[in-house]
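To start, the structure itself, in structure tokens.
The values are calculated or read from the model by the stated rules, or taken from the named source; none is laboratory data. What you are looking at is a predicted structure, and each value in this text was computed from that prediction instead of being measured. Every residue, glycine among them, receives a Cβ derived from its backbone with ideal geometry; neighbour counts consider all protein chains shown. For the accessible areas, the whole protein counts, side chains as well, though only heavy atoms, and no ligand, DNA or RNA atoms are used. Shrake-Rupley method; radii C 1.70, N 1.55, O 1.52, S 1.80 Å.
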Amino acid sequence: MHRLPKPLTLLLLSLAALSLPSAWAQNETPQGLRLAEVYSTHNSLSGNFANWREIGFRGLYVAGQHLLAGEAATMQRFNENGNYLALRDTLDLDRHWYGSLAVGAGDGASYLPRYRIDGFIHRKWLDDLSLVTSVGLGHYRAPDTHKDDNLSLGLSWYLPSSWVLQTEAKFNQSRPGPIDTRQYFVAATWGQAGQTRITGRYGWGQEGYQSLGADAFISRFPSHQTTLTAQHWLGPRWGIRASADRYSNPFYKRQGLQLAVFKELP
């Protein structure tokens, strides 16, 4: 059985990756645990595929100049149980630049990575630093012989009217093949932290490889995904979030709902 390199294994077990705000600023941020969240997801699939279920925990932890975002999840997809751990570290380099490195691994479930590594460098532009560009490289290794290498180019714009606009293009090469594919997304967020935030996201393009459970996979196919998320603070430091998601490819359609409760620490 293939084993992860020991340093990577230790890093993964220390915490688990939650996507971060694209322009995180760590200046004057209190140290320690800053956010804790628990969530549950349920998806129904067409094509006689069984429903998906998932529960997980997420957290944000500040250590010096490092923002650590972790996730631990257990799930069932395609009649196969799986567990996933991930960790992302984001570090301010100076006033205009910051970087992030994320690692994650599954427990051998066919639809989870044996391991994955993603690194990004971000640059803030304009006088108010409201425009952020990103370049990222990623590597994904499946439990079987499949692997992906990708390049991502992203743009985020924080408007003064409580709007955030985002877009990204990902260029991926899957092996065996090779199979070259491209994926894109656009997203818009309205609202403010401490009140209500609403985000709409639409993604499209092609996928090079996807597992459908043990000994089954599909490759080189188009897909579309639409997600609507509403986050509402019920108190000064806690609230709920609900996400509705719809995904489709030529082989099946999937739609689901995720509910989360989060708590910000003082």
Original post:
Restricting the search to the range 195-216, which residues are on the phi > 0 side of the Ramachandran plot, in contact with a strand residue (DSSP E or B) (Cβ under 7 Å, 6 or more places away or on another chain) and not in a strand (DSSP E or B)?
Top reply: 213
Original post:
Which one of 28, 37 is modelled with pLDDT of 95 or more, among the acidic types (Asp, Glu) and either open to solvent by 30 Å² or more (accessible area, probe 1.4 Å) or in contact with a strand residue (DSSP E or B) (Cβ under 8 Å, 6 or more places away or on another chain) (or both)?
Top reply: 37
Original post:
Is there any pair with a first residue in the range 124-148 that is within 30 Å of residue 219 (Cβ to Cβ) and a second that is of a type in the set (Phe, Trp, Tyr) whose Cβ atoms are under 6 Å apart and which are 6 or more apart or on different chains, and what are they?
Top reply: 134/120; 136/120; 141/115; 146/209; 148/140
Original post:
Just one of the numbered conditions (1) at positive phi; (2) surrounded by 13 or more Cβ atoms within 10 Å (Cβ to Cβ) is not true of residue 112; which one?
Top reply: (1)
**OP:** Kindly check whether there is at least one residue in the range 113-122 that is farther than 23 Å from residue 29 by Cβ, out of contact with any Leu (no Cβ under 6 Å at 6 or more places or on another chain) and in a loop (DSSP other than H, G, I, E, B).
**Re:** yes
**OP:** Would you mention how many residues in the range 219-238 are surrounded by 14 or more Cβ atoms within 10 Å (Cβ to Cβ) and on the phi > 0 side of the Ramachandran plot?
**Re:** 0
**OP:** Return yes or no: is residue 194 surrounded by fewer than 15 Cβ atoms within 10 Å (Cβ to Cβ) and modelled with pLDDT of 95 or more?
**Re:** no
